[in-house]
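Undergrad: To start, I am sharing the structure in question, which I have written as structure tokens.
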Amino acid sequence: MGNMIGPKTPKPSKAEEREAYRIVTERDPVCVWCEAPGIQRDHRKNRSQGGLTTPSNLQGLCLACHQIKTEHPAIALTVGLSVPSYARPELWPALRLKAGRVRFVLYDDEGGFEPITAATARLLTEGQVG
């Protein structure tokens, strides 16, 4: 998988986790998937799989999209709502809806994201770049 698998990073402090939640609430004022209001801050890579509370691993989802992600994990991986246990969230493409248009992005830990092409997203998820 190239450098998809990285070294273990230390767990953020409680203050760093609070800051990550604040950053993501500002970055994602509506659901990233359906643009509905009333988001929950969701870990893309589950904490039980080593996912940390960092902006690159968090996203804003409405209750309905969060439920879909939970009930359909394979679909969630396909559409970028989840990150597999072996992957680094900052290198795993996510899908965001904006004005009805779907686009792939990579999240960073400063609270931003970089749009990427569907071809780049496919290469990253297939482990051919990174």
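Undergrad: Counting just the Cα atoms, what span does the chain cover along each of its three principal axes? Round to the nearest Å and put the largest first.
TA: Here the Cα extents, ordered largest to smallest, are 37, 35, 27 Å.
Undergrad: To make sure I understand, if each residue's beta carbon is the centre and we count other beta carbons within 10 Å, what order do I39, I75, I116 fall in, fewest to most? Write down the numbers at each step before the final one.
TA: Working: I39 20, I75 12, I116 17.
Ordered from fewest to most neighbouring Cβ atoms within 10 Å, I39, I75, I116 come out as I75, I116, I39.
Undergrad: List the chymotrypsin sites (Phe, Trp or Tyr not before Pro) within region 70-130 that fall in a DSSP loop (any state other than H, G, I, E or B) and whose Cβ has at most 15 other Cβ atoms within 10 Å. Before the final figure, lay out the partial values.
TA: Working: sites: Y86, F104, Y107, F113; in loops: Y86.
Those satisfying the criteria are Y86.
Undergrad: Moving to a separate point now. Please list, by residue number, every one of the trypsin sites (Lys or Arg not before Pro) in region 1-82 that is coil in DSSP and has at most 15 other beta-carbon atoms within 10 Å.
TA: Counting only loop positions with at most 15 other Cβ atoms within 10 Å, the trypsin sites (Lys or Arg not before Pro) in region 1-82 are K8.
Undergrad: Okay, next question. Have a look at L61, L77, L97 and tell me which one the Gaussian network model of the chain (Cα, springs below 10 Å) gives the largest fluctuation.
TA: Checking each option, the largest mean-square fluctuation is seen for L97.
Undergrad: So what's the net charge close to K69: Lys and Arg +1, Asp and Glu -1, counting the other residues with Cβ under 10 Å from its Cβ?
TA: Summing Lys/Arg as +1 and Asp/Glu as -1 gives -1.
Undergrad: Please check: in the Gaussian network model of the chain (C-alpha springs, under 10 Å), which one of L91, L63, L52 has the largest mean-square fluctuation.
TA: Of L91, L63, L52, the Gaussian network model singles out L63 as fluctuating most.
Every read-out reported here was derived from the displayed coordinates using simple, explicitly stated rules and does not represent laboratory data. Computed from a prediction, not measured in an experiment: that's the story for all the values here. Note that we place each Cβ from the backbone using ideal geometry, even for glycine, and neighbour counts take in every protein chain shown.
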